[in-house]
Amino acid sequence: MSGYRAGMSANPSGATPTAPLSIAVGADERGVLADAVVAALCEAGHAVRLVGPIGGEEREWASVGAEVARAVASGECDLGVVMCWTGTGVSIAANKVAGARAALCVDAETARLARRYNHANVVAMSMRSTTEQVGREVLQAFLDGPCGDEDFDLRNVAALDS
């Protein structure tokens with residue numbers, strides 16, 4: 001299961017979607033949310049790279065978050081999705097990787113705004129508190145949300161990268 005075609009309709013640059021994305025998905029345990037996220041991505045035709053127990057390997061949250069972030073920061077994958085019990089640990093681990101901007105999102109609006117204002121390229125979710133339905137909504141908003149291109153957005157993102 002660790003590298004297969006899946007689907008959804010967004011572009012990491014925020015441009016009009018034209019092709020499936022390559023998305024790294026990691027979780028430190030397999031569960032309802034992780035399975036729902038992978039299924040949604042597959043249904044939409046994206047290429048999915050699985051990291052951790054959802055990909056058949058025993059890994060802890062710090063390792064999972066960092067590996068997904070490295071795949072995104074290196075350009076190997078367009079975007080990333082990380083999950084652990086609270087979502088906080090994988091988010092922290094992902095944000096330690098230069099070039100990764102992980103946002104812990106509890107609802108679709110937060111995910112949409114994380115893409116717009118923060119140019120987030122990794123979304124983190126809590127496996128404890130995120131239902132399957134909310135997880136799908138967060139994922140869709142994250143994938144569909146364009147990165148903001150107004151001066152305000154660009155100034156702040158540039159400050160993060162300096």
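Please work out if residue 93 is within 20 Å of residue 52 (Cα to Cα), touching a Lys or Arg at 6+ places or on another chain (Cβ under 7 Å) and not in a loop (DSSP other than H, G, I, E, B). The answer is no for residue 93. Looking at (1) touching a helix residue (DSSP H, G or I) at 6+ places or on another chain (Cβ under 7 Å); (2) surrounded by fewer than 23 Cβ atoms within 10 Å (Cβ to Cβ); (3) within 22 Å of residue 144 (Cα to Cα), which one does residue 45 not meet, given that it meets all the others? Unmet for residue 45, out of (1) touching a helix residue (DSSP H, G or I) at 6+ places or on another chain (Cβ under 7 Å); (2) surrounded by fewer than 23 Cβ atoms within 10 Å (Cβ to Cβ); (3) within 22 Å of residue 144 (Cα to Cα): (1). In segment 24-50, the residues that are assigned to a loop (DSSP other than H, G, I, E, B) form Cβ pairs under 7 Å with partners that are among the small types (Gly, Ala, Ser), at six or more places apart or across chains, as follows: 28/52; 44/6; 44/7; 44/9. Among the residues of segment 84-100, what is the count of those that are over 25 Å from residue 19 (Cβ atoms) and either of a type in the set (Ser, Thr, Tyr) or crowded, with 24+ Cβ neighbours inside 10 Å (or both)? Summing the residues that are over 25 Å from residue 19 (Cβ atoms) and either of a type in the set (Ser, Thr, Tyr) or crowded, with 24+ Cβ neighbours inside 10 Å (or both) in segment 84-100 gives 7. Taking residue 68, is it within 26 Å of residue 20 (Cβ to Cβ), touching a Phe, Trp or Tyr at 6+ places or on another chain (Cβ under 8 Å) and in a helix (DSSP H, G or I)? Taking the combined requirement at face value, the residue does not satisfy it.
Do we find that residue 87 is modelled with pLDDT of 95 or more and on the phi > 0 side of the Ramachandran plot in this structure? Criteria met by residue 87. Taking the criterion of being in a helix (DSSP H, G or I), among the polar types (S, T, N, Q) and surrounded by fewer than 17 Cβ atoms within 10 Å (Cβ to Cβ), the residues of segment 120-162 that qualify are 133, 156. Filtering segment 52-67 to residues that are closer than 18 Å to residue 122 by Cβ and free of Cβ contacts under 8 Å to residues at least 40 places away in the same chain leaves 52, 59, 60, 61, 62, 63, 64, 66. Restricted to segment 109-119, and to residues that are closer than 17 Å to residue 88 by Cβ and surrounded by fewer than 18 Cβ atoms within 10 Å (Cβ to Cβ), which residue is modelled with the lowest pLDDT? Result: 118.
Residue-by-condition table, conditions (1) surrounded by fewer than 21 Cβ atoms within 10 Å (Cβ to Cβ); (2) over 18 Å from residue 127 (Cα atoms):
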{"position": "69", "(1), (2)": "no, yes"}
{"position": "74", "(1), (2)": "yes, yes"}
{"position": "102", "(1), (2)": "no, no"}
{"position": "107", "(1), (2)": "yes, no"}
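Go over the candidates 157, 97 one by one and state the one that is among the hydrophobic types (A, V, I, L, M, F, W, C) and modelled with pLDDT of 95 or more. Explain how you work it out, then say what you get.
Details: 157 fails: modelled with pLDDT of 95 or more.
None of the other options fit; the residue is 97.
In this structure, does residue 111 turn out to be assigned to a helix (DSSP H, G or I) and closer than 20 Å to residue 35 by Cβ? So residue 111 passes the test.
The values are calculated or read from the model by the stated rules, or taken from the named source; none is laboratory data. All of these numbers come straight from a predicted model, not from anything done at the bench. Glycine gets a Cβ as well: all are built from the backbone with ideal geometry, and neighbour counts include every protein chain shown.
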